[in-house]
Structure formats: C-alpha cells, structure tokens
Amino acid sequence: DYPAVIIRPRDMQAGKKYPVIDFVYGGPTANMVNANARSYALNQWFADQGFIVVSIDGRGTPRRGAKWSRVYKESGAGNLIDAPLSDQCEALIALCARFPEMDRDRIGVFGWSFGGYFSSMAAMRRPDVFKAAVAGAPVTDFRDYDTRYTERYLGLPDVNRKGYEASDVLTYCKDLSVPLLVVQGTADDNVYFVHSLKLTDRLFREGKPFEF
C-alpha cells in the first residue's frame with residue numbers, strides 16, 4: 001500500500017513497452033506524491049521523451065502516521081537505506097506487473113539530495129531492479145552531513161557505527177555494475193561538494209566507470 005503517481009507520454013502508443021524512470025526522494029521530511037498537477041511538469045517532460053515516469057512514497061516519508069514515518073527507528077535496521085530501498089523495489093515490481101506498458105527490464109532511477117543518495121545506493125545494491133542511475137547532490141557519508149538531521153534518525157556515530165557504515169554509499173562502491181551519472185554544483189551549501197568528491201574518488205579507486 002504505497003502512494004504512487006504514474007506519468008505517461010502524451011503520445012503513448014498502445015501495446016508498446018516503455019522504459020521507466022523512478023523519480024525518487026525516498027527519505028524523511030518530503031513526499032513525491034501530491035495532489036498538485038504542477039508538481040509533475042518535469043516528470044511530464046521526461047515522459048514525453050519516451051519514458052514512463054513514476055514516483056513512490058515508501059515508509060519513512062511524512063504524512064502517513066507516526067508508525068509509517070518512524071520506520072528508521074522502529075524497524076531495528078538502524079540505517080537510512082534498507083527500508084526505502086526495499087519499498088521502492090517492491091512497489092516498482094508490483095507496478096510493472098500491473099501495467100504491461102512498463103518495461104521491468106529497463107528501469108532507471110533519478111533523484112536529488114536524499115534522492116541522489118538513494119539513486120547511488122540503488123545502482124550499487126539493486127542492479128537487478130535498477131539498470132541506470134542519476135544521482136544529484138548525493139549525501140554519500142552521513143558523518144559529513146547536518147548533525148541535526150542525521151542524528152535524529154541514526155543517533156551518534158560512535159554509538160551506531162554499524163548503522164552509519166550501512167548508510168554509507170562508499171561501503172558499496174565496489175559493487176557498482178550499472179551506468180551512474182553523478183551531478184552536483186560546487187557551491188551547494190546543504191550537501192557539500194565533498195560528498196560527490198568522496199564518491200567519485202572511491203569509484204575511481206575501485207576501478208568502476210561512471211560519469212560526473
């Protein structure tokens with residue numbers, strides 16, 4: 001039972017399969033699925049280039065009750081990625097099974113900030129679902145992010161070492177096997193540019209191709 005929105009090409013052809021873009025945020029504090037048509041202008045532009053664009057709000061996103069929103073603390077996983085990654089994959093597979101125009105073998109993922117973090121993780125941990133990823137301003141190591149935000153969900157780094165390690169994109173760079181594009185502005189004052197530098201440095205040292 002995940003809220004989802006599907007945007008199709010305006011010139012969609014019956015019987016044709018279309019590649020899918022998962023336009024994702026996936027983290028706490030923000031929803032992607034809203035009753036506001038203006039929210040989907042960019043999604044529609046992508047769809048009109050020949051894609052089906054979906055957005056899904058999994059557990060941890062706001063406005064669906066306390067238990068839903070507090071999954072990071074109540075799931076026992078102690079990290080910021082396991083629950084949203086599991087939910088997005090489950091929902092995407094279900095959508096592709098329900099709507100035959102969605103090509104299960106051609107799913108890409110695109111997001112910014114937490115969505116960029118998610119996209120990086122999705123490419124590295126679930127290449128069985130995601131065949132390409134665009135990561136905008138990804139938080140790669142939460143030890144380098146805003147403590148007021150991070151410690152609300154992960155606690156203190158010295159107390160929850162396993163959670164921070166599991167939440168760290170750099171942990172999984174060795175596993176990248178699908179195309180990844182990393183995008184970030186050097187003047188970003190929220191997700192500092194060091195995140196993308198650390199990510200691309202680790203990918204380079206692991207011998208993994210990527211675009212930056």
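A compact table of results
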{"read-out": "Environment charge of V20, counting only residues whose C-beta is closer than 9 Å and scoring Lys/Arg +1, Asp/Glu -1", "value": "0"}
{"read-out": "Solvent exposure, largest accessible area first (probe 1.4 Å, DNA, RNA and ligands not counted), of F212, F118", "value": "F212, F118"}
{"read-out": "Percent accessible area from carbon and sulfur atoms, the range 170-212, protein chains only, probe 1.4 Å", "value": "55"}
{"read-out": "Charge-dipole axis of the range 120-166 as Lys and Arg at +1 and Asp and Glu at -1 on Cβ define it, positive-most pick from F142, P127, A166", "value": "P127"}
{"read-out": "Under the Karplus curve 6.51 cos²θ - 1.76 cosθ + 1.60, θ = phi - 60°, whole-Hz ³J(HN,Hα) for the range 88-93, x wherever Gly or Pro sits", "value": "4, 5, 4, 5, 4, 4"}
{"read-out": "Extension gain (nm, one decimal) between T186 and D128, 0.36 nm per residue minus Cα-Cα", "value": "17.7 nm"}
{"read-out": "Local net charge near A123, Cβ-Cβ under 11 Å (Lys/Arg +1, Asp/Glu -1)", "value": "+3"}
{"read-out": "Per-q log10 I(q)/I(0), the range 153-212, q = 0.20, 0.21, 0.25 Å⁻¹ (Debye; single scatterer per alpha-carbon; no solvent)", "value": "-0.87, -0.92, -1.05"}
{"read-out": "The chain - mean residue ellipticity at 222 nm from DSSP helices (-39,500 (n - 2.57) per run, n ≥ 4, rounded to 500)", "value": "-9500 deg cm²/dmol"}
{"read-out": "Solvent exposure ordering (accessible area, 1.4 Å, most first) of W112, W68", "value": "W112, W68"}
{"read-out": "Separation of alpha-carbon centers, the range 40-94 and the range 135-153, rounded to whole Å", "value": "18"}
{"read-out": "Apportionment of accessible area to carbon and sulfur, the range 42-124, percent (1.4 Å)", "value": "54"}
{"read-out": "In sequence order, calculated HN-Hα J values of the range 149-156 (Karplus, 6.51, -1.76, 1.60; Hz; x Gly/Pro)", "value": "7, 4, 6, 5, 10, 10, x, 7"}
{"read-out": "Largest-first ordering by accessible area, 1.4 Å probe, given options I52, I93", "value": "I93, I52"}
{"read-out": "Amide H contacts under 5 Å for N34, placed H, 5+ residues apart", "value": "none"}
{"read-out": "Residue among P84, P100, P19 with the largest mean-square fluctuation in a Gaussian network model of the chain, springs linking Cα atoms under 10 Å", "value": "P100"}
{"read-out": "Projected label distance in nm at R106 and R63, using a 7 Å step from Cα toward the beta-carbon", "value": "3.2"}
{"read-out": "Within the range 1-152, percent of DSSP bridges classed antiparallel, to nearest 5", "value": "20"}
{"read-out": "Per-q log10 I(q)/I(0), the chain, q = 0.14 Å⁻¹ (Debye; single scatterer per alpha-carbon; no solvent)", "value": "-0.83"}
{"read-out": "Accessible area of the chain divided out per residue, in Å², using a probe of 1.4 angstrom", "value": "49"}
{"read-out": "Given charges at beta-carbon only (K, R positive; D, E negative), |dipole| of the range 61-212 in Debye", "value": "360"}
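The values are calculated or read from the model by the stated rules, or taken from the named source; none is laboratory data. Not measured: the values here are computed from a predicted model. All Cβ positions, glycine included, derive from the backbone under ideal geometry; neighbour counts span all protein chains shown. For accessibility, only protein heavy atoms count, side chains too; no ligands or nucleic acids. Shrake-Rupley method; radii C 1.70, N 1.55, O 1.52, S 1.80 Å.
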